[in-house]
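Since every read-out is calculated from the coordinates, none of them should be taken as a lab result. Keep in mind that what you see is a predicted model, and the values were worked out from it rather than measured. When we count neighbours, we look across all protein chains shown, and the Cβ atoms used for this are built from the backbone with ideal geometry, even at glycine.
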Amino acid sequence: MTPPPVPLVVEGLGKTFEGRAALENVSFTVRPAELFGLVGPDGGGKTTLFRILTTLLLPDTGRATVLGLDVVRDLWAIRARVGYMPGRFSLYPDLSVEENLGFFAAVFGTSIGEGYDTIAPIYRQIEPFRTRRAGALSGGMKQKLALCCALVHRPDILLLDEPTTGVDAVSRREFWDLLGGLKASGLPIVVATPYMDEADRCDRIALMQRGRILAIDTPSAIGSRFPHPLVSVRGERRYAMLQALRGREHTASAFPFGDDLHYGDARAGLPVEAVAREIEAWLLAKGFADARVEPISPGVEDTFMALMGGPEAAA
């Protein structure tokens, strides 16, 4: 029996707009039933990559196959088998929930009834509002409707371009729970996100910045690549502490993370507990009387910032 093709293979993709590289030698593979994340800020090249994978753009260099089909030669076959949810809400605001879903089903030669089993776990949540205009839905409901429209023709791979951008935290969590259920059914999913906390919900991630891939691995393995002892710093004069830490002789990195500051020490191999004690004493001596410093384990965002090369590159 012939094994099914690898869901997605990208080899050396490049794309330039007006002399500026949007993608540069991008390569990765998505495995069967994998939830693969493309993680990075706006302008990182994620949307350009998705448009190539969905046959809306041609690459300048390299090649890509979706379900074993070439994105240049086999565009019509790919379009029939891919579910795609673009970054912006792209449904018809003056049509109802049911009318939008029926339209997208008809485009792919199917119906809501035929695709109902696939979309049921999601559609049941918005079905009571099936007569409401799509433009009148909340952000979270729009998101679920768009996902239903991407799934109604029962695709063999799902591509989601920043599906949770601008959506409240509760809806974001619900959406990722839905993706977990789809993955469990065996559907390979590629999702782009600028939110580092969402990376932990993926099997593997690729960190993207300025059209390049900086690293590919599991979220935990990406975090373990951080090369320095890392501590969390808290105190009321947060910005002043940040400036002080960035001017310190042994500073490898210092960034704000929510209510904390994350400080990486350039002296590799130094026990992180010793770094924490030293930094707290140093801050107290600098007049930060309420400074509290604790050792922490690096996460995806810490590694991403380190790979980007410091505050200037991050900006």
Taking r as the C-beta separation of ASP42 and ASP259 and R0 as 22 Å, the FRET efficiency to the nearest 0.05 is 0.35
Once both label points are put 7 Å beyond Cα along the C-beta direction, the VAL72-ARG124 separation in nm becomes 4.6 nm
Report the net charge of residues surrounding ILE213, where surrounding means a beta-carbon distance below 13 angstrom and charges are Lys +1, Arg +1, Asp -1, Glu -1. +1
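By average Cβ neighbour count within 10 Å, what is the ranking of 249-255, 126-132 from highest down?
249-255, 126-132
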Between 0 and 90°, nearest 10: helix 112-126 axis offset from the chain longest Cα axis: 40 degrees
VAL167 neighbourhood, Cβ < 13 Å, K/R = +1, D/E = -1, net charge +1
Which far-off residues, 5 or more places away or on another chain, put their amide H under 5 Å from the one on GLY45, with H placed in the peptide plane? GLY211
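Using the Cβ atoms and a cut-off under 12 Å, what net charge is assigned to the surroundings of LEU178, where Lys and Arg are +1 and Asp and Glu are -1? Present the calculation step by step, with values, prior to reporting the outcome.
Numbers: positive: ARG124, LYS144, ARG172, ARG173, LYS183, ARG201; negative: GLU174, ASP177.
My count for the surroundings of LEU178 gives +4.
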Integer Hz, Karplus 6.51/-1.76/1.60 couplings in order for the range 232-240, x for Gly and Pro: 9, 10, 10, x, 5, 8, 5, 5, 5
Excluding same-chain residues fewer than 8 positions from LYS46, which lysines have a Cα within less than 17 Å of its Cα? LYS15
Take the alpha-carbon centre of the range 212-282, take the same for the range 18-37, and report the distance between them in whole Å. 29 Å
Between the modelled labels at ALA221 and ALA33 (7 Å from Cα along Cα→Cβ) the distance in nm is 1.9 nm
Compute the helix-to-body angle for 272-285: its Cα long axis versus the longest principal axis of the chain, expressed 0 to 90° and rounded to tens. 60 degrees
Efficiency by 1/(1 + (r/R0)^6): what FRET value for ARG212 and ASP168, r their Cβ-Cβ distance, R0 = 25 Å, to the nearest 0.05? 0.20
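Would you mind getting me the FRET efficiency between ALA136 and GLU249? Use the beta-carbon distance for r and R0 = 45 Å, nearest 0.05.
0.20
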Cα convex hull of the chain - mean projected area over all directions, nm²: 19.5 nm²
